Amino acid sequence: MERQHALDLRSRTSVTLPHEHPVRLVVPAQLRTGLGGPGYDAVGTSREHGERIMNCLPRVGCVFADDERWWWIVPSGSDIGVAWPSSTSYAVAAHLADPSWTRVLRGPRSDRPRLIHSPEGDSPYTPPIPLYFLTCRLSGSVPRWSLGAEG
């Protein structure tokens, strides 16, 4: 099932899933998350893609990881106007929960995401545009975005 990537903020959803209460990835207190907006979101990639992305990006913000996914902190709204590849997960406000429909056969999650990379400086963000193009390249997806804005 393909996720809808609309420009309207009301259509943005977090990765909230049954069986567990949502957990928010919390960036270290000393890092600024403002950028004039409401905070931050997270982009989830596979662990394998995460390792490659970490080695390719010139700047990496906070990165969290669990058994299966790496979560990249990006500015809030980094999903507006772009279609992130289906191999990624986009978590509005960095709220995550256990995707029970993918864990039925594998059992419960052994670990909550933990901070594996903290950036130099005071910004927790991974630049979303280079991250977007890398995730598209790694997944074999063609980058898609909208130049217009809905009123």
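Amide H to amide H distances under 5 Å link residue 80 with no residue, where only residues 5 or more positions off or on other chains count and H is placed in the peptide plane.
Please state the shape class of the stretch 27-88: rounded when a/c is under 1.5, otherwise prolate if a/b exceeds b/c and oblate if not, all from the C-alpha gyration tensor. Present the calculation step by step, with values, prior to reporting the outcome.
Working: a/c = 1.86, a/b = 1.30, b/c = 1.43.
Oblate is the answer for the stretch 27-88, as a/c is 1.5 or above yet b/c matches or exceeds a/b.
For residue 117, which sequence-distant residues (separation of 5 or more, or a different chain) have an amide H within less than 5 Å of its own amide H, given hydrogens modelled in the peptide plane? Residues meeting the amide H criterion: 63. Scalar couplings 3J(HN,Hα) for the stretch 74-82, obtained by applying the Karplus form with A = 6.51, B = -1.76, C = 1.60 to θ = phi - 60°, are 10, x, 4, x, 5, 9, 6, x, 10 Hz; x denotes Gly and Pro.
Annotation: peptides 136-142, 79-85, 120-126, ranked by per-residue average of other Cβ atoms within 10 Å with the highest first, follow the order 79-85, 120-126, 136-142.
Taking label points 7 Å from Cα along the Cα-to-Cβ direction, residue 30 and residue 118 give a separation of 0.6 nm.
Taken together, the values in this text are just the output of simple stated rules run on the coordinates, not laboratory data. All values derive from a computational prediction rather than experimental measurement. Virtual Cβ from ideal backbone geometry, glycine too; neighbours counted across all protein chains shown.
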